[in-house]
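These notes are about the structure you will find just below.
The values are calculated or read from the model by the stated rules, or taken from the named source; none is laboratory data. Here the structure is a predicted model, which means the values were calculated and not measured. Don't worry about glycine lacking a Cβ; one is built from the backbone with ideal geometry, like all the others, and counts go over all protein chains shown.
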Amino acid sequence: MAFSGLRGASSGLLAVLKKGPRLRRNKNAKPAAPRPGTPENSGPNTIASLAPLTKIISHYLSPKDVERVKEAYRFSDQAHLGQFRASGEPYISHPITVTEICAGWKLDADSLMAALLHDVIEDQGVTKQELAEKFGPDVAEIVDGLSKLDRLEFATKAEQQAESFRKMLLAMARDVRVILIKLADRLHNMRTLDAVTPEKRRRIARETLEIYTPIAHRLGLNALFRELQDLCFQAIHPNRYQVLHKAMMAARGNRREVLSKITDAVQVALPAAGIEAEVSGREKSLYSIYTKMAEQKKSFSDVLDIYGFRVIVHTLPECYLALGTLHQLYRPVPGKFKDYIAIPKLNGYQSLHTTLVGPYGTPVEFQFRTRDMDHIAEEGVASHWLYKEDNVTLNDLQKRTHQWLQSLLDIQSQTGDSGEFLEHVKVDLFPDAVYVFTPQGKIISLPRGATPVDFAYTIHTDIGNQAVASKINGEFAPLRTELKSGDSIEIITSPASRPSAQWLNYVRTGRARSEIRHYLRTVKYEESVAFGQRLLNQAFDQLHLPHPAEDDPEWEKLAKSSGAASREEILADIGLGKRLAAVVARRFAPENALLATTAAAVDEFTSSVNAPILIHGNEGQAVQLAPCCGPLPGDAIIGGIRLGHGLVVHMDECAVAQRQRAREPERWIPVMWDTNTARHLSTRLDVTVVNERGVLGRLAAEVTEADSNIMHLTMQDDAAATGVLHITVQVDSRKHLAQVIRAMRHVPQVQKIVRVKG
């Protein structure tokens, strides 16, 4: 058994013709004169023979249809006479090769004629009406659709690309033969990129990888899909391609003995089980190996499963029988079995996949399928393209594809915006993404693993910054919930809410991550500056010093002596606890003022301040409510300046605060609640309940009835009959908390409620 690389979709001229994409010719250009010494009807175009194509189509088209295809060739040959590609070969070679690829899919005569004529409208000024009169309306429609696509090709702006994509898919929805010919055209252009500049080569390859390759995959054209991927890889990363290609060649030689042993063993085991099968070996494509190395950060030597075997049998039951036979021969790798026969892929692909541990511990993938499954797996929709007549019987794959194509027309009738149309279609074309809906029904594209926070920032930065909760399909869900395609997302916001640094642990989009970081940097800094100003103003008042102006020269002196860049940085340091306000205030005292400067005097000063800082509860990053005790408006509180974190507010009786205050008394200042405080503050309760069915639901209902919300809940079993619920609730004040506790006591199973205070 011999291993070979990716096989092309056609033969014949591909081995003879030179490479190079087409070179446009002015439609008024004169035909080239025959070379001296050659017959009058000969010339450059005579090397582009129709013989290989004729041989292919003669096997499945009637003689009448073969003659129609030849007539289209003669028309195209005359129209392109004197036109050459960038490589110097006659231009007619390109339509012939494209038609050979289509013939490999056994497309009908109209498709092949359109493939031969696909450039005559654009390049040579032939009209659609002229084609309709000579070759029929179907051929003219296909050629016209292809010509419109060519005029929109290689757009660079996002809007232009979306419009080009929209037109192409709409033409495809009207007649799938349009996209099949277009894919054949793109395949040949990708095979012949050598004649263009490296920059243009990369641009064409990126467009192919982004648009045409996913379409080929969606239509089940897997052979084409793999070849386009490898050609794009070669064009975008030529050096990496060459290195990987050499490594593959070396590995092929090194592992020949292993593969030979596996082949011999399989060819003995299957007939012994009464299974007649065709066994062939294959290599994974270079692009798939490259992406695996990049995603998993592996070297080539770490990628072991680069070879696989395909077992083709006669009937569906034999697929499972062959699978079981080889599972007895080699040990299967757990978790590596996939049944795409029972549950086919969206593009109709059916096969059994399993990975077995072969000789010397080498993992090898096996695929089991019938001949029909293999035909569809390689050629997809092209294995029996969709006729538009109503009386044609369609298989499941064709029905799904037909429904998808028709849905494109439905989407187009509902959306006039090309970008929105593109977002709709990408749901099916790009399965690695997650597509969710806004409450208004707009589709939003997010990467896999995205959360409601990613969704919120995708809609608008302000929505992300103010997000407090989310509804997924109408039900409340945590902001860290992983979204699935088809989910409908609603974000609940609050003007008092701020982004949390914890969000960075689970957001997936670059935009959400950068917006959160930007907010934490800038807003925290701004809040720290404002809070530092408040602390400094209080210190000036206690020292009976005038408040200095922003342009006071002393600010610059203080900044230079302390290593700060500006006045704002000094204030931010005060707000973050890196500097003491009293020490900074003393720098502005007159030289003859008798102010203490020792640490003990500063301690005495800060402890004697009798005008506390007013706390609102929504100051942001500069003022934080300690999670250990969860202080609420109405509680006696005290504030500690924590280095790098600003002011942390504790309950006065909090054990954590008392220990820290004993160690660093100079960092503690009096604070008190303002009359206008924030809403939705969190505090913790330990609730002892009798373990009975439904108790948690009744408890949650009472909390909701008291206009509160459970933010977090865990349970600890103290005994078989009772348990302790650790609940974090949102309330507005100590008085509101008392209402919530009274409501919870309405539940008969509640034995004890204790507020956690540190």
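Residues of region 445-471 being part of a strand (DSSP E or B) and of a type outside the set (Gly, Ala, Ser), which ones?
Answer for region 445-471, where residues must be part of a strand (DSSP E or B) and of a type outside the set (Gly, Ala, Ser): 446, 447, 468, 471.
Out of 729, 687, 747, report the one residue that is in contact with a Lys or Arg (Cβ under 6 Å, 6 or more places away or on another chain), at negative phi and outside the structural domain of residue 649 (by TED's automatic domain parsing).
Exactly one of 729, 687, 747 is in contact with a Lys or Arg (Cβ under 6 Å, 6 or more places away or on another chain), at negative phi and outside the structural domain of residue 649 (by TED's automatic domain parsing), namely 747.
Give the residues of region 561-590 that are under 22 Å from residue 543 (Cα atoms), among the small types (Gly, Ala, Ser) and under 42 Å from the mean Cα position of the chain (by Cα), sorted by residue number.
Listed by number, the residues that qualify are 572, 575, 577.
I need a count of the residues in region 680-717 that are in contact with a helix residue (DSSP H, G or I) (Cβ under 7 Å, 6 or more places away or on another chain) and of a type outside the set (S, T, N, Q).
Counting residues in region 680-717 that are in contact with a helix residue (DSSP H, G or I) (Cβ under 7 Å, 6 or more places away or on another chain) and of a type outside the set (S, T, N, Q) gives 8.
Looking at region 286-298, is at least one residue in contact (Cβ under 8 Å) with a residue 40 or more places away in the chain and over 23 Å from the mean Cα position of the chain (by Cα)?
no
Which residue, of 362, 393, is closer than 30 Å to residue 142 by Cβ, modelled with pLDDT under 85 and hydroxyl-bearing (Ser, Thr, Tyr)?
393
So which strands (runs of 3 or more DSSP E) stay within region 276-374 end to end and still have 2 or more residues that are of a type in the set (Val, Ile, Thr) and at negative phi?
Those strands (runs of 3 or more DSSP E) span 307-313, 352-357, 363-370.
What single numbered condition from (1) under 30 Å from residue 536 (Cα atoms); (2) at pLDDT below 85 fails to hold for residue 694?
Of the numbered conditions (1) under 30 Å from residue 536 (Cα atoms); (2) at pLDDT below 85, the odd one out for residue 694 is (1).
Considering region 76-100 alone, what residues qualify as being farther than 24 Å from residue 197 by Cα and either outside the structural domain of residue 52 (by TED's automatic domain parsing) or at pLDDT 90 or above (or both)?
Matches in region 76-100: 96, 99, 100.
Determine if region 514-537 includes at least one residue that is of a type outside the set (Gly, Ala, Ser), farther than 29 Å from residue 573 by Cβ and either touching a strand residue (DSSP E or B) at 6+ places or on another chain (Cβ under 9 Å) or in a loop (DSSP other than H, G, I, E, B) (or both).
no
Evaluate region 437-452: report whether one residue or more is out of contact with any Lys or Arg (no Cβ under 9 Å at 6 or more places or on another chain), modelled with pLDDT of 80 or more and buried (at least 20 other Cβ atoms within 10 Å of the Cβ).
Within region 437-452 (the criterion being out of contact with any Lys or Arg (no Cβ under 9 Å at 6 or more places or on another chain), modelled with pLDDT of 80 or more and buried (at least 20 other Cβ atoms within 10 Å of the Cβ)), the answer is no, since none of the residues qualifies.
Assess whether residue 504 counts as being within 15 Å of residue 467 (Cβ to Cβ), free of Cβ contacts under 8 Å to residues at least 24 places away in the same chain, assigned to a helix (DSSP H, G or I) and not β-branched (Val, Ile, Thr).
In short, yes.
Would you pick out the residues in region 538-547 that are in contact with a helix residue (DSSP H, G or I) (Cβ under 8 Å, 6 or more places away or on another chain) and part of a loop (DSSP other than H, G, I, E, B)?
543, 545, 546, 547 - these are the residues of region 538-547 that are in contact with a helix residue (DSSP H, G or I) (Cβ under 8 Å, 6 or more places away or on another chain) and part of a loop (DSSP other than H, G, I, E, B).
Pairs under 7 Å by beta carbon, first residue over 10 Å from residue 287 (Cβ atoms) in region 224-253, partner acidic (Asp, Glu), six or more apart or different chains?
Listed by first residue and then by second, the contacts come to 248/283.
Regarding residue 382, is this residue surrounded by 17 or more Cβ atoms within 10 Å (Cβ to Cβ), of a type in the set (Gly, Ala, Ser) and modelled with pLDDT of 75 or more?
no
What is the residue count in region 223-253 for residues that are of a type outside the set (A, V, I, L, M) and surrounded by fewer than 18 Cβ atoms within 10 Å (Cβ to Cβ)?
9
Yes or no: region 651-672 includes at least one residue that is in contact with an Asp or Glu (Cβ under 9 Å, 6 or more places away or on another chain), modelled with pLDDT of 85 or more and under 29 Å from residue 477 (Cβ atoms).
Within region 651-672, not a single residue is in contact with an Asp or Glu (Cβ under 9 Å, 6 or more places away or on another chain), modelled with pLDDT of 85 or more and under 29 Å from residue 477 (Cβ atoms).
Can you pull out every residue in region 415-436 that is outside any loop (DSSP other than H, G, I, E, B) and either modelled with pLDDT of 85 or more or among the hydroxyl-bearing types (Ser, Thr, Tyr) (or both)?
418, 435
Out of everything in region 548-573 that is outside any helix (DSSP H, G or I) and in contact (Cβ under 8 Å) with a residue 24 or more places away in the chain, what residue ends up being surrounded by the most Cβ atoms within 10 Å (Cβ to Cβ)?
The extreme case among them is 548.
What is the residue count in region 472-484 for residues that are assigned to a strand (DSSP E or B) and not charged (D, E, K, R)?
Count: 3.
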